[in-house]
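The values are calculated or read from the model by the stated rules, or taken from the named source; none is laboratory data. Keep in mind the model is a prediction, meaning the values are calculated, not measured. Cβ sites come from the backbone with ideal geometry, for glycine too, and all protein chains shown count toward neighbours. When the accessible area is computed, the model is the full protein with side chains, heavy atoms only, and any ligands, DNA or RNA have been set aside. Shrake-Rupley method; radii C 1.70, N 1.55, O 1.52, S 1.80 Å.
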Amino acid sequence: MAFVQNLPFISIILSLFSGPLSSILSGKWAKRLNLAVITLIGAFSVLVLTFVLQTGEPFVYFMGHFPAPWGNEIRVGVLEAFMAVFFCVIMLLSMIGGSREREIEIEESKQNLYYIMVDLLLCSLLALIYTNDLFTAYVFVEINTISACGLIMIKQNGRTIEAATRYMIMSLLGSGMLLLGICFLYDLTGHLLMSNIKEQVQILAVTGQYHTPLFIALGLMAIGLAIKSALFPFHAWLPDAYGYSTVSSAAILSSLVSKGYIFLLVKIFYRVIGFNVVCDSKVINVLFVFGIIGMLMGSISAIKEKDIRRMIAFSSVAQIGYIYMGFGLGTEAAVVASVYHILSHAATKSLLFVAASGLTDASDGSGKFYDLTGAGYRNKIAGIAFTVGSLSMVGIPMFSGFISKLLFSQAAMGHDMKMLPTLIALAISTVLNAVYFMKTVITIYMPATGKVNMREGRVIPIKEQPVKAIALIFFIVLNILLGLSSEPVVNLIRIGLEMFD
């Protein structure tokens, strides 16, 4: 075994144990440790991705060197390694971009607690990406939930406590459904290892045995993870959770937490059940309907909002709808589009939240649209970054969001029943996206003439917030790279999905 094959397990353990270590450190040193761990794990993930691309084959790491059913497994292919790299990049930039706000909004005595939650969150995301055991995935889903809840309520004001309570209630409902589905599958197959479950499920599908229990298990797991990832109409917790938490928390929650659950669902579709069985079960039709509705209702809710961060939060509901609509199309091309949109949305939504914080800083801390008038002039880098993110969300060529919508449109072409609804929903959603994002861009570049704006707004040069500026620049570059160099990324996704089988 090559040493690089140990790195996924080392990454999980490193992030897991950095949490308790942070508990005995001051906030400043916990922050340094957190950034160092994220950077190191990102470097490890790059080495793993390079190794898998060179070998052209996935590899299995036996934890404790005992094969199943006595031991646990980590399975690493191209898509897993690439997602680990991408998640580390987004988390690092989100932490850097929101560092100033964390120091202001979080009590000094609780700052190390924040980094404990981030470390555990990174650990759980890596485990969801790499694990080949379904029950282990459930355990880390719960760690992910608890960590995310801590990130929401760390400010400890009325809004965040209420948001964390809502999040916990909905997440526990989703977790319960996921666990029930896993229990049904274990009862039907006698296995918890994903590859072993799939062998038994394929036999059951061919023989026609236990069709209804298998359908129920799949439905429970799919709906459970849909609830946890805020698919409409299970999104009531999302606006407050994203809108009132710290900037780093909002960026990480919107970009990574929900995407970790969705990536687990992709693994269940391909590696646990088998995508052919999933399509035959018609569960994808339910996801398709709710995905279409979410695309539209999330955008309509965003249009009604008067606060920039809550508007961005409701936009996430629409973007999650895109992903589930892709799953609902039930083709490989559509799943590739959904996975690509995971990347596009993660890069863009973090950019928007960090940029929005820069705009509110230039407006005396207010996120109301009236107070944001002219904020793009007062904080130039934040204005440019928000404009780039908005153009990406609308689907303007050169940015990552355009590639997502193009891939979804191509995947829908030729589909007998779902082509027309998909294309209509994409068109309407794009118009709605343009309404609220372009309205915001116009607002931040409209000359401030009101008395309140003139008195309270202040110019923030780049040298005043250099760290945030660096994070925004990297986010902009990442978004443009995804938009202009999409073909290698799409090929990586296709190869990774093939390795799932």
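Among the criteria (1) farther than 20 Å from Leu16 by Cα; (2) under 18 Å from the mean Cα position of the chain (by Cα), the one Met91 does not fulfil is (1).
Just one of the listed residues (Ser22, Ser18, Ser45) is among the hydroxyl-bearing types (Ser, Thr, Tyr) and either free of Cβ contacts under 8 Å to residues at least 12 places away in the same chain or closer than 30 Å to Arg494 by Cβ (or both), namely Ser45.
Kindly check whether there is at least one residue in region 129-136 that is assigned to a helix (DSSP H, G or I) and open to solvent by 40 Å² or more (accessible area, probe 1.4 Å).
Taking region 129-136 first, the residues assigned to a helix (DSSP H, G or I) are 129-130, 134-136.
Filter once more, keeping what is open to solvent by 40 Å² or more (accessible area, probe 1.4 Å): 135.
So far as region 129-136 goes, yes, one or more of its residues are assigned to a helix (DSSP H, G or I) and open to solvent by 40 Å² or more (accessible area, probe 1.4 Å).
Among the residues making up region 302-315, those that are out of contact with any Gly (no Cβ under 7 Å at 6 or more places or on another chain) and touching a residue at least 60 places away in the same chain (Cβ under 8 Å) are Ala302, Ile303, Glu305, Lys306, Met311, Ile312. If you take the residues of region 376-404 that are open to solvent by 20 Å² or more (accessible area, probe 1.4 Å), assigned to a helix (DSSP H, G or I) and not hydrophobic (A, V, I, L, M, F, W, C), which of them is nearest to Met91 (Cα to Cα)? Result: Thr387. In the condition set (1) under 25 Å from the mean Cα position of the chain (by Cα); (2) open to solvent by 20 Å² or more (accessible area, probe 1.4 Å), Thr422 is compliant with all but (2). Applying the criterion of being open to solvent by 60 Å² or more (accessible area, probe 1.4 Å) and among the aliphatic types (A, V, I, L, M) to the residues of region 11-52, the residue that is modelled with the lowest pLDDT is Ile24. When restricted to residues that are part of a loop (DSSP other than H, G, I, E, B) and open to solvent by 30 Å² or more (accessible area, probe 1.4 Å), region 140-183 contains 3. Only residues that are under 27 Å from the mean Cα position of the chain (by Cα) and buried (at least 24 other Cβ atoms within 10 Å of the Cβ) were counted across region 353-375, and they come to 7. If the condition is being under 18 Å from Lys267 (Cβ atoms) and either open to solvent by 50 Å² or more (accessible area, probe 1.4 Å) or polar (S, T, N, Q) (or both), then region 184-204 contributes Phe184, Tyr186, Thr189, His191, Leu192, Ser195, Asn196, Glu199, Gln200, Gln202.
Looking at region 247-283, which of the residues that are charged (D, E, K, R) and at pLDDT 85 or above is farthest from Leu497 (Cα to Cα)? Write out each step before concluding.
Restricting attention to region 247-283, the residues satisfying the condition of being charged (D, E, K, R) are 259, 267, 271, 280, 282.
Still in the running and at pLDDT 85 or above: 259, 267, 271.
Details: Lys259: 16, Lys267: 9, Arg271: 9 Å.
Top of the filtered list is Lys259.
When the residues of region 223-246 are narrowed to those that are among the aliphatic types (A, V, I, L, M) and at pLDDT below 85, which ends up most open to solvent (accessible area, probe 1.4 Å)? Working first, answer last.
From region 223-246, those among the aliphatic types (A, V, I, L, M) are 223, 225-227, 230-231, 236, 238, 241; that's our starting set.
After this cut, where a residue has to be at pLDDT below 85 as well, the list is 230, 236, 238, 241.
Details: Ala230: 0, Ala236: 65, Leu238: 2, Ala241: 0 Å².
Only one residue fits best here, namely Ala236.
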